[in-house]
2 protein chains.
Amino acid sequence: MRLMEEMILREGTILPGGVLKVGSFLNQRIDPALLRAMGEEIARLFADCGVTKLLTIESSGIAIAASAAMAMDLPMVFAKKHRTSNVDGAVLSTVVHSFTHGMDYNAVVSRDYLTSEDCVLLVDDFLASGAALEGLARLADQAGARLAGAAVAIEKRFQGGGDALRDRGLRVESLAQIARMDGDEIVFTGSL
Amino acid sequence: MRLMEEMILREGTILPGGVLKVGSFLNQRIDPALLRAMGEEIARLFADCGVTKLLTIESSGIAIAASAAMAMDLPMVFAKKHRTSNVDGAVLSTVVHSFTHGMDYNAVVSRDYLTSEDCVLLVDDFLASGAALEGLARLADQAGARLAGAAVAIEKRFQGGGDALRDRGLRVESLAQIARMDGDEIVFTGSL
């Protein structure tokens, strides 16, 4: 999506350790035109796929999923992150490793909100290692739901998580796909 | 807002301790029609007030703020909750007490995303004690920003937080306002 690539080039900054900071437009301050465009593009990509529900995880995925949910006129659900394993049978739960924070957490959704009747579209802001999306896919699997695919705002393709998910048959669509980051330069796959 | 009151009566449940559970449509599973209507109503209520930015706090406020941000064509910012006080000068930070979880946390926003040029509309899902909104108001104050007011989805007016904010001159608008909860009965202020 051209608008996303432009925003990344104009406002994104690369921090030490290869972290792409996009807090000024995507995941702390959020631009309304970009937010609307992301929702509409996700709706276009997954139109006519039988999606019944969008599933994301707090916090940075919520605004994107909200925009897509309104564009698709479908309910969204967000998984909560719990530090403890103190969860009961009323919830679906799976352990996810956060590479950003160097720790594990439990991704938790009430069983009431994800069922075997659902065809789920996963939504998140970033796809790098794929750990968060894999966790969401496991929650959908625990519910007996089908997966329509995953939509992410930015994929750091060189980190391999997206392709690992594709290799397992999941349709993964990223609105901007970064092939590599060299120093201060960001190269998108489309611009290779 | 009639739709919000209808959803509360149809799907809300009162848990022990006077907790109103609205996870099925507002703060874990989110209904797209309600989400859109909330954004449009907040935009209508605060039209022509000079608002430049919406400020909420993770996680349950984000979807509502996202909908309102798109309806108002304004950027939104969400404060993050940190458990530690380990914050530096690059951020605005204030301690907020969570009555739901019986603990304190730091509400944190980058200084880059909230400035003295801003006229801020606070957004959240629930208003009970008012601790979260008061924390957001302090962050806006630290930035030197003006406050246009606060918009919340559900106010439990009998808990007094909203009126304390109003007494201090803040305009507070709630899309549904609960006068009291007696056993399983929910009474809105409009229906008194």
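Checking each residue in the stretch B:38-67 for being part of a helix (DSSP H, G or I), facing chain A (nearest Cβ under 10 Å) and either surrounded by fewer than 20 Cβ atoms within 10 Å (Cβ to Cβ) or without any contact (Cβ under 8 Å) to a residue 40 or more places away in the chain (or both) picks out B:GLY39, B:ILE62, B:ALA63, B:ALA66, B:SER67. Is it true that some residue in the stretch B:109-126 is within 11 Å of chain A (Cβ to nearest Cβ) and of a type in the set (Phe, Trp, Tyr)? Within the stretch B:109-126 (the criterion being within 11 Å of chain A (Cβ to nearest Cβ) and of a type in the set (Phe, Trp, Tyr)), the answer is yes, since at least one residue qualifies.
Does the stretch A:1-21 contain at least one residue that is within 9 Å of chain B (Cβ to nearest Cβ) and either in a helix (DSSP H, G or I) or farther than 22 Å from A:GLN177 by Cα (or both)? Taking every residue of the stretch A:1-21 in turn, none turns out to be within 9 Å of chain B (Cβ to nearest Cβ) and either in a helix (DSSP H, G or I) or farther than 22 Å from A:GLN177 by Cα (or both). Just checking, does the stretch A:93-100 include any residue being buried (at least 20 other Cβ atoms within 10 Å of the Cβ) and either away from every other protein chain (no Cβ under 14 Å) or not in a strand (DSSP E or B) (or both)? Yes, because at least one residue in the stretch A:93-100 is buried (at least 20 other Cβ atoms within 10 Å of the Cβ) and either away from every other protein chain (no Cβ under 14 Å) or not in a strand (DSSP E or B) (or both). Would you confirm whether any residue within the stretch B:26-36 is over 21 Å from A:LEU54 (Cα atoms), under 17 Å from the mean Cα position of the chain (by Cα) and not in a helix (DSSP H, G or I)? Checking the stretch B:26-36: not a single residue is over 21 Å from A:LEU54 (Cα atoms), under 17 Å from the mean Cα position of the chain (by Cα) and not in a helix (DSSP H, G or I).
Put simply, of B:ALA145, B:ALA79, B:ALA137 the only residue that is within 22 Å of B:ASP48 (Cα to Cα) and either acidic (Asp, Glu) or within 14 Å of chain A (Cβ to nearest Cβ) (or both) is B:ALA145. Do we find that B:ALA66 is within 16 Å of B:ARG36 (Cα to Cα) and within 17 Å of the chain's Cα centre (by Cα) in this structure? The answer is yes for B:ALA66.
Residues of the stretch A:2-30 that are closer than 24 Å to B:ALA65 by Cα and aliphatic (A, V, I, L, M): A:LEU3, A:MET4, A:MET7, A:ILE8, A:VAL22, A:LEU26, A:ILE30.
Readers should treat all values here as calculations from the given coordinates under stated rules, not as data from a laboratory. Computed from a prediction, not measured in an experiment: that's the story for all the values here. Don't worry about glycine lacking a Cβ; one is built from the backbone with ideal geometry, like all the others, and counts go over all protein chains shown.
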